[in-house]
1. Would you mind working out the magnitude of the charge dipole of the chain relative to its Cα centre, with +1 at each Lys and Arg C-beta and -1 at each Asp and Glu C-beta, to the nearest 20 Debye?
2. Which angle between 0 and 90 degrees, to the nearest 10, do you get for helix 127-148 versus the longest principal axis of the chain when only C-alpha atoms count?
3. Which shape class applies to the chain: rounded if a/c is under 1.5, otherwise prolate when a/b exceeds b/c and oblate if not, where a ≥ b ≥ c are the square roots of the Cα gyration tensor eigenvalues?
4. List the aspartates and glutamates whose Cα lies under 12 Å from the Cα of LYS198, skipping any in the same chain that are fewer than 8 positions away.
5. Mind ranking 17-27, 220-230 by how tightly packed they are, going by the mean number of other C-beta atoms within 10 angstrom, highest first?
6. Would you be so kind as to identify which of THR4, TYR77, SER104 lies farthest towards the positive end of the dipole of region 1-148, taking Lys and Arg as +1 and Asp and Glu as -1 on Cβ and the Cα centre as origin?
7. In what sequence, highest mean first, do 68-77, 31-40 appear when ranked by Cβ atoms within 10 angstrom?
8. For the chain, what does the accessible surface come to per residue with a 1.4 Å probe? Please give it in Å².
Amino acid sequence: PSTTYWHDVWQRFRRDPLAILGLAVILVMALAAIILPMVSPYSYDGMDLTHMNQGPSLAHPCGTDQMGRDLFIRILYGARISLTIGVVAALINFFIGVIYGGLSGYIGGRTDMVMMRIVDIIYSIPDILIIILLQVTLKSPLQALFDSSPIFDGLNRVGVGLISIFITFSLLYWVSMARIVRSQVMTLKEQEFVTAAKALGASNGRIIRKHLLPNCIGTLIVTATLQIPSAIFTEAFLSFLGLGVAAPMASLGSLASDAISSINSFPYRLFIPAVAISI
């Protein structure tokens, strides 16, 4: 029987128990990060100095930190930030990389050579260096913008560091996607169905949208999903160094960084965020 592409994808996906397990874990973590902080009696910045450095218990499943804040809620807030960064970074990389790489591969010639040399230059720039430079350059103007209106209260709580990470993703992280799309398009544009579309008068834009990109969608999806954990680990690493979210907002990386100084006395404060990052 005839079937659509996405129906066939779902049928193959549901027959893989490990894929279903992975999807279930992601959904549980995402729903927990979104819903549980709304109904919890604790907040990510609520301090209780009478319950400092308590181990896991019924009242605090993951224990408390050095200021008596509930680690479970702070980890959920950190999961929110990690999942948001992963998804947003993947979407940014997907759209910029697909458009740039698709045009470069389809046009070819000198245009392709110039566009790919730009990609090579961007690819050679260290990400950490750009993030630090952006933080130094954008800290004052962004902070002034955030303080100027209550509209930016949410961004102000997150901090300039995380905004600079998003800007860096937009500037740098799409180059791998662009290279992959270019190679796929350069292979597919020589196929007979593209020649037939040209003979029937299809425009270049329609050929790219309807014939080339749909035929490399599998590669694009795999590449985009692999960029999600890459973005999550990048944010965790930068927050661990103090370049991510602003205190008291919690990130999985900043939680691990805070726990380093007391790892011998309270090891659970490091192991629990580390497990959350790994999952």
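1. For the chain, the charge dipole is close to 900 debye.
2. Computed tilt is about 70 degrees.
3. Taking the square roots of the gyration eigenvalues as a ≥ b ≥ c, the chain is prolate.
4. Reachable aspartates and glutamates: GLU190.
5. By packing density, highest mean first, the sequence is 220-230, 17-27.
6. Among THR4, TYR77, SER104, the one farthest towards the positive end of the dipole of region 1-148 is THR4.
7. Most protected by this proxy first, the peptides run 68-77, 31-40.
8. 55
The values are calculated or read from the model by the stated rules, or taken from the named source; none is laboratory data. What you see is a predicted model, and the numbers here were worked out from it, not measured in a lab. Cβ atoms come from the backbone with ideal geometry, glycine included; neighbour counts cover every protein chain shown. With ligands, DNA and RNA removed, areas are computed over all heavy atoms of the protein, side chains included. Shrake-Rupley method; radii C 1.70, N 1.55, O 1.52, S 1.80 Å.
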